[in-house]
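The values are calculated or read from the model by the stated rules, or taken from the named source; none is laboratory data. This is a predicted model, so every value here is computed, not measured. So basically every Cβ, Gly included, is an ideal-geometry build from the backbone, and we count neighbours across all protein chains shown. Side chains included, ligands, DNA and RNA excluded: accessible areas come from the protein's heavy atoms. Shrake-Rupley method; radii C 1.70, N 1.55, O 1.52, S 1.80 Å.
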Amino acid sequence: MGSCLSAVDDVVNDFIDQQSRYYQESKNAKSYAAKKNDNNTDTSSSHLSVVLKSDLSPIYPSLPKSAKKYHCRNVYDGDTLTLDDDSRVRLIGVDTPELKEKQPFAIEAKEYTKKYCHGRDIWLSFDSGDSTTNKDHYGRLLGFIWVDLEGDARKSKNCTQWLCVNEGLVAAGLANVYSPSGSKKVNNYDKLLGLQTLAREHKCGQWKSYKEQKVIVTPSGGAFHKCEDTNNVASDCKHLSRSKNLKLVDSSECYDKGMHPCRHCMS
Ligand SMILES: [Zn+2]
């Protein structure tokens with residue numbers, strides 16, 4: 001556990017250190033730059049325009065106007081926590097490795113969220129609407145968690161102080177961008193994808209051992225599947241048994257589009 005915790009500290013410190021690098025390099029991030037002048041401007045919120053000025057840095061000079069203060073009693077895992085009133089919050093737009101399934105970096109993801117949220121005041125904002133309209137079928141609130149950075153992190157970023165934990169998890173390589181199939185993509189979806197690409201390029205967290213590979217996709221599916229033989233675009237995965245027009249692509253291309261590894265054949 002000790003080594004895990006220090007590994008988490010390293011990840012978190014790397015993450016903080018890299019913010020200035022992210023800021024510079026984000027200007028060259030192809031996936032983000034191509035989109036940022038087009039469909040990523042939301043004029044309905046002055047907070048988002050501030051976000052865009054700071055490019056990909058997940059550290060913000062202010063909170064979104066709609067954010068409300070809560071107190072976090074407990075962190076359940078990387079993307080789920082409990083408030084003082086017993087309501088559960090699921091961080092929206094991201095998916096962290098599963099603790100129950102002992103997936104790699106599940107502990108680190110939990111420690112990351114715990115470090116910023118456990119026993120602390122947190123601020124919650126929603127993609128749109130309010131706490132009554134943002135619940136999943138488990139009754140969990142779906143939102144973005146904001147925390148006030150303290151200490152060294154604040155000093156080193158003299159004009160900024162707010163971290164969106166959802167984005168921070170992705171930037172630290174401890175969560176994948178996630179959008180349940182059929183649901184509307186969160187309003188900072190492109191930004192999350194840009195952070196995920198940078199985390200991969202910097203080999204943060206779970207991306208340390210990432211190896212580019214050819215994977216199989218369908219024309220419209222959100223998942224990509226294992227390819228055993230690049231000379232033969234076929235798969236034994238049960239989810240592909242009826243699929244046609246299978247195609248081989250690079251795994252990074254899939255991640256950049258927000259696709260996720262098939263839970264059946266890629267885990
Ligand atoms: Zn599969």
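For Thr113, Thr230, give the ranking by accessible area with the largest first, probe 1.4 Å. It would help to have the intermediate numbers written out before the result.
Working: Thr113 0, Thr230 80 Å².
Sorted descending by solvent-accessible area, the residues read Thr230, Thr113.
Once phi is turned into ³J(HN,Hα) by the Karplus curve 6.51 cos²θ - 1.76 cosθ + 1.60 with θ = phi - 60°, what whole-Hz value does each residue of the stretch 130-135 show in order, with x for glycine and proline?
Listing the rounded values in order: 9, 5, 7, 9, 10, 10 Hz.
Could you derive backbone 3J(HN,Hα) for the stretch 198-215 from the dihedral phi with the Karplus parameters 6.51, -1.76 and 1.60 (θ = phi - 60°), listing whole Hz in sequence and x where the residue is Gly or Pro?
After applying 6.51 cos²θ - 1.76 cosθ + 1.60, I find 5, 4, 5, 4, 8, 6, 7, x, 5, 7, 4, 9, 5, 10, 4, 8, 7, 10 Hz.
With Cβ to Cβ distances under 13 Å as the rule, what net charge do the other residues near Glu228 carry (K, R +1; D, E -1)? Could you put the intermediate results ahead of the total?
Values: positive: Lys214, Lys226; negative: Asp229, Asp236.
In short, 0.
Using R₀ = 25 Å, calculate the FRET efficiency as 1/(1 + (r/R₀)^6) where r is the Cβ-Cβ separation of Tyr138 and Lys184; round to 0.05. Show your work: numbers first, answer last.
Details: r = 19 Å, r/R0 = 0.74.
Step by step, r from the Cβ atoms, then E = 0.85.
Quote the charge dipole size of the stretch 214-261 about the Cα centre in Debye, to the nearest 20; the model charges only the Cβ of Lys and Arg (+1) and of Asp and Glu (-1).
240
Near Tyr138, within a Cβ-to-Cβ distance under 10 Å, what is the net charge of the other residues, with Lys and Arg +1 and Asp and Glu -1? Don't skip to the answer; put the middle values down first.
On the way: positive: Arg88, Arg90, Lys135, Arg140; negative: Asp136.
So the environment of Tyr138 carries a net charge of +3.
Can you give the extra length, in nm with one decimal, that the chain gains between Lys211 and Ser87 once fully stretched, where that is 0.36 nm per residue apart less the Cα-Cα distance?
Values: separation 124, 0.36 × 124 = 44.64 nm, distance 3.88 nm.
Full extension from Lys211 to Ser87 adds 40.8 nm.
Pull up all non-local amide H partners of Tyr76: gap of 5 or more, or a different chain, and H-to-H distance under 5 Å with H placed in the peptide plane.
For Tyr76, whose amide H was placed from the backbone, the distant partners under 5 Å are Leu81, Thr82.
Per-residue HN-Hα couplings for the stretch 90-105, Karplus 6.51 cos²θ - 1.76 cosθ + 1.60 at θ = phi - 60°, whole Hz, x for Gly and Pro?
9, 5, 8, x, 9, 9, 9, x, 7, 5, 4, 8, 6, 6, x, 6
Between Tyr76 and Asn231, what length in nm is gained on full extension when 0.36 nm per residue of separation is reduced by their alpha carbon distance?
On the way: separation 155, 0.36 × 155 = 55.80 nm, distance 4.37 nm.
Going from the current span to full extension adds 51.4 nm.
Kindly work out what percent of the DSSP beta bridges joining two residues of the stretch 214-261 are antiparallel, to the nearest 5.
Numbers: 6 of 8 bridges.
Close to 75 percent.
Going by amide H atoms built from the backbone, whose H comes under 5 Å of the H on His260, apart from near neighbours?
When sequence neighbours closer than 5 places are left aside, the close amide H contacts are Ala223, Phe224.
Ignoring ligands, DNA and RNA, how do Tyr138, Tyr189 rank by accessible area with a 1.4 Å probe, largest first? Working shown, then result.
Numbers: Tyr138 160, Tyr189 20 Å².
From most accessible down to least: Tyr138, Tyr189.
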